[in-house]
1. Hey, among the residues in the range 170-199 that are open to solvent by 60 Å² or more (accessible area, probe 1.4 Å) and under 15 Å from Glu130 (Cβ atoms), which one's modelled with the lowest pLDDT?
2. Taking the condition of being at pLDDT 95 or above and open to solvent by less than 10 Å² (accessible area, probe 1.4 Å), how many residues in the range 122-136 meet it?
3. Within the range 71-78, identify whether any single residue is modelled with pLDDT of 95 or more and surrounded by fewer than 17 Cβ atoms within 10 Å (Cβ to Cβ), and answer yes or no.
4. Show the residue pairs that are 6+ apart or on different chains and have beta-carbon atoms under 7 Å apart, the first residue being within the range 150-169 and loosely packed, with under 15 Cβ neighbours inside 10 Å, the second being charged (D, E, K, R) and not in a loop (DSSP other than H, G, I, E, B).
5. Among the residues of the range 137-168, count how many are over 20 Å from the mean Cα position of the chain (by Cα) and either closer than 16 Å to Leu126 by Cβ or part of a loop (DSSP other than H, G, I, E, B) (or both).
6. Test of understanding: among Ser119, Ser110, which residue is open to solvent by 40 Å² or more (accessible area, probe 1.4 Å) and among the small types (Gly, Ala, Ser)?
7. Among the candidates Asp62, Asp105, Asp99, which residue alone is open to solvent by 50 Å² or more (accessible area, probe 1.4 Å), closer than 30 Å to Tyr159 by Cα, free of Cβ contacts under 8 Å to residues at least 60 places away in the same chain and assigned to a helix (DSSP H, G or I)?
8. Hey, can you tell me all the residues within the range 108-136 that are part of a strand (DSSP E or B) and among the aliphatic types (A, V, I, L, M)?
Amino acid sequence: LLTASDGTKLGKTTGARVWLDATKTSAYAFRQHWMQTPDDAIRSQLLTFSLRPVVEIEAIADEHAKAPHLRIGQRTLAADMVTLVHGAAAAEAAAEAADVLFASDPTGASAAAFEMLASEIPMTRLLASELDDTAAVLVAAGLAKSNGDARRTMEQNAYSVNGVRLDANIQLSDQKPLHGTYLLLRRGKKLHHLLQICS
């Protein structure tokens, strides 16, 4: 029986539901579950689940306690668990996919990371010829309520495509798709949409 720091049990009846089957909990979602581990549970969770030597776990927990904002404990726990359940390649792709969403530059991410993202965030498949009207694409992607909203938001520098600020002078049709097919749209810090460009 696993319990949280307040003594309540963790399990499917309390909402902390994860599955080992990737068709029920993807490798990305599985990683994000472990990334949400509270700081005060890092040591116990690593000791319970990680296969690392105890002395190494204690060192990681101590390092985490000194700088919890770096999330060393969560990153270690998440990497260990995804590797154990889904394999090293899935763990690497899941970490990359998270970096794509939460970092500013997605250009170094692998194709595997984008393939994983395609099942985690909203995605639209478009022909290259459909990118000419940037505002219309942003509306269709759900990142703007109207063409006017899209244009105003561009003027506020709130959009980016593949990490580059999107404005009236930088159109979607001018951007080179990553891995020949992907354009990652972002509005603000939290809204994302993936475009897969088809020939």
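1. Ser199
2. The number of residues fulfilling the criteria is 0.
3. Scanning the range 71-78, I find at least one residue that is modelled with pLDDT of 95 or more and surrounded by fewer than 17 Cβ atoms within 10 Å (Cβ to Cβ), so the answer is yes.
4. Taking only residues 6 or more apart or on different chains, the pairs are Asn157/Arg165.
5. 13
6. From the options Ser119, Ser110, the qualifying one is Ser119.
7. Asp99
8. Met123, Leu126, Leu127
The values are calculated or read from the model by the stated rules, or taken from the named source; none is laboratory data. As the structure is a prediction and not an experimental result, all values here were calculated from the model. Heads up, the Cβs are rebuilt from the backbone with ideal geometry, glycines too, and the neighbour counts pull from every protein chain shown. SASA here: full protein model, heavy atoms, side chains in, ligands and nucleic acids out. Shrake-Rupley method; radii C 1.70, N 1.55, O 1.52, S 1.80 Å.
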